[in-house]
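The values are calculated or read from the model by the stated rules, or taken from the named source; none is laboratory data. These numbers were taken from a predicted model, which means no experiment stands behind them. When we count neighbours, we look across all protein chains shown, and the Cβ atoms used for this are built from the backbone with ideal geometry, even at glycine.
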Amino acid sequence: MSREVVFVDGVRTAFGTFGKTLRNILGEELAGMAIKGLVQRSKIIEKGGVVDGVFMGSAIGPSTAINGARWPVLASGLPESTVASYIEMQCGSAIDSINHAAWKILAGQADIMIAGGYESYSQAPCRFPMNTEPFKMIPPLPIAYSLSPTRDPATMNMGLTAEALQKMYNISRAAQDEFSYRSQQRTKKAIESGFCARDIMPVTVPQGKKNPPLEFKVDEFPRAETTM
């Protein structure tokens, strides 16, 4: 029997900026908050539903979790019986998480799935090799990340890919600036009109012992002051 996959609801936390409001919060924590908010808003549990599993993805990887999906599941309050799988596909991680969730439903292995992604560049992990001989005067160097064992142009990062596309399609700097400006102004309008507010789950950010916590619920990353 063929099955149909539908999106029931979706939420997110507000976008932060590197080193600013969300700098002390793990990406896994943000994902857990979003999952918890989604479950509460959709009333899945209250209506007798069971979340069969969770797929989560990211490009830079979880900050502390071994399984970058399991940690958010437990932080969200879902039962320990909820299976969770972490997917890393660089820029396509979250989209592929949704694909995997849909495939499970289509295969009859699940009825209700949660899928998405998260990133925290402020909490990006720095890894060191375990094979450095001890007691040397020279400290170990962090492992340099790489997309490929070779320098094949097909494995360029997105920054270099963008430059290659600019040359391929002869996109002028003026056209790029106009596109960027238009995007910033549309984002500003969407935020000010409340268009984005429905999808955002507020994040409570501690501000120290002497100050009350901050409710972070408006995208910090956009640059509304951008001019041409």
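One table, with the values for the structure above:
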quantity	calculated
Given (1) part of a helix (DSSP H, G or I); (2) modelled with pLDDT of 95 or more; (3) more than 30 Å from Val8 (Cα to Cα), number of the condition Ile171 does not satisfy	(1)
Only listed residue being at negative phi and assigned to a loop (DSSP other than H, G, I, E, B), chosen from Leu147, Leu165	Leu147
Out of Asn67, Asn99, sole residue that is of a type outside the set (D, E, K, R), in contact with a strand residue (DSSP E or B) (Cβ under 9 Å, 6 or more places away or on another chain) and farther than 24 Å from Arg23 by Cβ	Asn99
Some residue of segment 132-141 being loosely packed, with under 15 Cβ neighbours inside 10 Å, within 26 Å of the chain's Cα centre (by Cα) and either within 30 Å of Glu28 (Cβ to Cβ) or modelled with pLDDT of 90 or more (or both)	no
Counted residues, segment 201-228 - those being within 17 Å of the chain's Cα centre (by Cα) and in a loop (DSSP other than H, G, I, E, B)	8
Only one of Ala94, Ala84, Ala75, Ala101 that is in a strand (DSSP E or B), crowded, with 18+ Cβ neighbours inside 10 Å and either within 23 Å of the chain's Cα centre (by Cα) or at pLDDT 95 or above (or both)	Ala84
All positions within segment 1-20 that are in contact with a strand residue (DSSP E or B) (Cβ under 6 Å, 6 or more places away or on another chain) and either aliphatic (A, V, I, L, M) or at pLDDT below 95 (or both)	Ala14
Qualifying residue in segment 190-211 (condition: more than 30 Å from Pro125 (Cβ to Cβ), polar (S, T, N, Q) and either in contact (Cβ under 8 Å) with a residue 12 or more places away in the chain or surrounded by fewer than 11 Cβ atoms within 10 Å (Cβ to Cβ) (or both))	yes
Members of segment 34-57 that are part of a helix (DSSP H, G or I) and either surrounded by 22 or more Cβ atoms within 10 Å (Cβ to Cβ) or of a type in the set (Ser, Thr, Tyr) (or both)	Ala34, Ile35, Ser42
